[in-house]
1. From the square roots a ≥ b ≥ c of the eigenvalues of the alpha-carbon gyration tensor of the protein assembly as shown, which class results: rounded (a/c under 1.5), prolate (a/b over b/c), or oblate?
2. As a test of the formula, what do you get for chain A when each DSSP H run with n ≥ 4 contributes -39,500 (n - 2.57) and the sum is divided by the residue count, at 222 nm and rounded to the nearest 500 deg cm²/dmol?
3. With point charges of +1 on the Cβ of Lys and Arg and -1 on the Cβ of Asp and Glu, referenced to the Cα centre of the protein assembly as shown, which listed residue (A:Leu256, A:Ser31, A:Tyr148) lies farthest in the positive direction of the dipole?
4. What's the average, rounded to a whole number, of partner chain beta-carbon atoms within 10 Å of each residue's beta-carbon in B:26-32?
5. Across 10 Å bins from 0, what is the distribution of all Cα-Cα pair distances for chain B, in whole percents?
6. Between 0 and 90 degrees, rounded to the nearest ten: what's the tilt of helix A:168-182 against the longest Cα principal axis of chain A?
7. Please give the net charge around A:Ser259, taking every other residue with its beta carbon less than 9 angstrom from that of A:Ser259, where Lys and Arg add +1 and Asp and Glu add -1.
8. What part of the accessible area of chain A, given as a whole %, is carbon or sulfur when the probe is 1.4 angstrom?
Protein chains: 2
Amino acid sequence: MFTGKDPGRVSPQLRSLIFAAAADLGYRVNSTASALARGQLESIGFVGPDPTNPFFSMVLEGLTRHLDSAFSLTVLMPEGGEDYNLSTVQRALAGNLAGLILASPGTEFLESFVPTCPTVILDAGGAAGALPSVDLDLSSAVRELSGYLASLGHDRVAYVGVSREKKISLQYRREELQAGLLGHGSGLAVDDLVLEGMTIDDAFEGFRRIWPAWSAAGVTAVVCGDDLHAYGVLRAARSLGLDIPGDLSLVGFNDLPYSELTAPALSTVNLFATRLGTEAAALLSRYIRTGRVPGSKVLPSALVVRESTGPVRRR
Amino acid sequence: MFTGKDPGRVSPQLRSLIFAAAADLGYRVNSTASALARGQLESIGFVGPDPTNPFFSMVLEGLTRHLDSAFSLTVLMPEGGEDYNLSTVQRALAGNLAGLILASPGTEFLESFVPTCPTVILDAGGAAGALPSVDLDLSSAVRELSGYLASLGHDRVAYVGVSREKKISLQYRREELQAGLLGHGSGLAVDDLVLEGMTIDDAFEGFRRIWPAWSAAGVTAVVCGDDLHAYGVLRAARSLGLDIPGDLSLVGFNDLPYSELTAPALSTVNLFATRLGTEAAALLSRYIRTGRVPGSKVLPSALVVRESTGPVRRR
DNA sequence: ATGAAAGCGCTAACAG
DNA sequence: CTGTTAGCGCTTTCAT
C-alpha cells in the first residue's frame with residue numbers, strides 16, 4: 001500500500017481512506033524495516049573537511065537541492081578540527097550508505113582509499129584517478145589571471161596554500177598558477193606560505209610571519225588558494241600598514257559573497273562551488289540507479305577582478 | 001561480536017584475529033538489519049532554513065562535534081530556496097529518526113508542529129512552548145547595545161528583519177531591541193524594513209528602496225537581525241554615498257568572522273552559534289537515552305563594538 | 001483479487 | 001560458555 005505499487009489495484013477513494021486512517025492511527029512505515037526487506041540503502045553520505053568553510057556550505061546546498069528525493073543526506077565531519085581521514089570515512093561507511101561523496105580530499109587519504117560503495121570525489125584537483133569525480137577547470141581562468149597580473153607589472157608573485165597531504169585542490173591551484181605565470185615569462189618568485197589550517201586566523205598569523213622575507217624578495221602580489229586565506233592576509237597586511245593594492249595586490253579562490261565586502265574588495269577566481277554540488281548529486285544518483293560507473297565531469301571557473309589588485313607601485 | 005559486548009568473553013588476540021578476518025572478507029555489519037533487530041534508530045535529523053547562511057554552518061559544526069557517536073546526522077533542507085515547513089519535516093520523519101533538531105523555525109510552522117520523536121528546537125526566540133529548546137538570552141547584550149546607541153546620540157533607530165512567519169528569532173531580536181531602546185527613553189522610530197529572504201542581496205535591494213523614507217524620518221542608526229542583512233545594508237549605503245558611521249551607524253546579529261573584514265568593520269551582537277549546536281546535541285542525546293524530556297537551555301550573547309557605529313553627526 | 005508465508009541480516013534470549 | 005532460535009517490520013512471492 002505504501003510501496004507505491006497500487007495504481008489500478010485500489011480505488012482512489014479507498015486509497016485516500018486508508019491514508020486518512022493511517023494518519024489517524026499515527027502509522028508511518030518503518031523505513032529501517034522497509035530498507036532491509038528491499039535490500040536498498042536509503043542514505044548517501046557526504047564527508048567534507050569543515051562545515052564552517054563556505055565552500056563546503058555551497059557544495060552542500062547544491063547537493064541538497066538536487067539529490068534524488070529517494071535519498072537522505074548524511075553529513076560526516078572529521079573529529080576535532082582535523083582534516084578527515086580513513087577513519088572518518090570508515091565511520092561513514094558503517095552507516096551502510098547507498099553512495100558517498102568525498103569533498104576536497106587530501107593526497108594521503110585519497111591514495112589509501114578503496115571505495116566500498118558508489119563514490120564520487122569532489123574537487124580533487126584532477127587526482128581522483130579512476131574514481132568518478134567532479135573537478136574544476138582552472139587553466140583558462142588562471143591563465144587570464146596570470147596575464148592580468150603580468151600586465152600590471154607583477155613579476156614577483158607568491159602563493160599561500162596548505163600542504164599537499166591536506167588538500168590536493170589547493171596544490172592543484174598552485175600548479176595551474178605556476179603554469180600560467182610561466183607562460184608569461186615569470187613564475188612563483190618565492191617559497192609558498194604553507195598553512196596548517198583553512199581559517200582566516202591561520203592566514204593572518206602566517207602572513208605576518210612570512211612577510212618580512214617576501215618583502216625582502218620583492219613580492220608585489222599574493223595569490224591565496226582559498227578566499228578565507230585571502231581574508232586573513234588582508235587583515236594581516238592592514239595590521240602591518242601595507243597598502244592594498246598599492247604595496248601588495250591580492251587574489252583569492254572561490255569568490256565568496258563576502259569578497260565584495262572586504263576593504264578593499266577581493267579579486268578572485270570564482271569556483272561556482274554550488275554547481276560542484278549539483279553535478280556530484282547528478283553523477284551519484286545515476287551511478288547508484290544504473291550501477292554503471294559514470295565518467296568524470298569538469299566544471300569551468302572564472303576570473304573576477306575587484307579592487308584588491310592594481311598596478312605595481314615601485315618605490 | 002561486533003556488538004561491543006565481548007569484553008571478558010573473547011581473548012584480545014582472538015578478537016583482533018576475527019576483526020582481521022572480517023576485514024579480509026570485506027565484511028561489515030549491516031547497520032540497517034542491526035538497527036531493526038535492536039529496535040533502535042541510528043540517525044538524528046537536522047532541519048534548517050539555509051545551508052548557505054553561516055549561522056547554519058556554525059550550528060552544524062557544534063552539532064557534529066558533540067553528537068553522540070552512536071548517531072549519524074541527517075541534514076534536511078527545504079526545497080527551492082523557501083523556508084522549511086511541515087512537509088520538509090515530514091520528509092525528514094519518513095526516515096525514522098531517533099531525534100530531530102529544528103533550527104530557527106517560523107511561527108506558522110512551529111504552531112502546527114507536533115513532534116513524533118524526541119525533538120529540540122533551536123533559536124526559536126522563546127516561542128518553543130513546551131518543547132525542549134536551546135535559546136539565546138539577548139536582553140543584557142541588547143540593553144547594552146541600546147545604552148551604547150543612546151550614548152552616541154541615536155534616538156532614531158530602525159530595524160531590518162523578516163516577517164514573523166518566517167523567522168521567530170529575528171522578530172524576537174526586534175522585540176528585545178525595542179524593549180532595550182524603550183528603557184533609554186527612545187524606541188524604534190520608523191517602520192521596519194521587512195525582507196523576504198535572508199540574503200545579502202535581499203537587504204541590499206530593500207535598503208535602497210526604504211532609505212529615502214528612513215532618511216526623511218531622521219534615522220541615524222540601523223540594527224539588522226542578521227549579519228548578512230547588515231552586509232547588504234553596508235553595500236547599499238556605500239552605493240548611496242552614505243558615510244558609515246558618519247551618516248548612519250550599523251549593527252548586526254551573529255558576529256560572523258567576516259564582520260571584522262567589512263569596510264567599516266561591523267558592530268554586532270555575538271550569538272555564539274556554535275554553542276547552540278553543542279548544547280542542542282547534548283540535550284538531544286540525553287533526551288533520547290533517558291527518554292525524559294529535558295528542560296530548555298538559554299545561552300548568553302555579547303555586544304561587540306567595531307567601526308560601523310559612531311556618534312550621530314548632525315547636519 | 002486476497003491472504004499466507006518466507007525471509008531480508010542481524011540481535012537477544014534461551015537452551016544445551 | 002557455546003550454539004540454536006525466534007523475531008525486529010516490512011516486501012515479495014506463491015498459493016488459494
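The values are calculated or read from the model by the stated rules, or taken from the named source; none is laboratory data. Quantities reported herein were computed from a predicted structural model and do not represent experimental measurements. For neighbour counting, all protein chains shown are included, and Cβ atoms are generated from backbone atoms with ideal geometry for every residue, glycine included. The protein model used for the area step is the full one, side chains on, heavy atoms only, and it has no ligands, DNA or RNA in it. Shrake-Rupley method; radii C 1.70, N 1.55, O 1.52, S 1.80 Å.
1. Oblate shape, in that a/c is at least 1.5 and b/c is the bigger or equal ratio.
2. Details: 10 runs with 125 residues, N = 315.
Taking each H run of at least 4 residues, the total per residue is -12500 deg cm²/dmol.
3. A:Ser31
4. Rounded to a whole number, the mean comes out at 5.
5. Per 10 Å bin, starting at 0, the Cα pair percentages come out as 6, 25, 28, 18, 11, 6, 4, 1, 0.
6. The angle comes out near 40 degrees.
7. Working: positive: A:Arg306; negative: A:Asp227, A:Asp255, A:Glu260.
Charge balance in the 9 Å sphere: -2.
8. 52 percent
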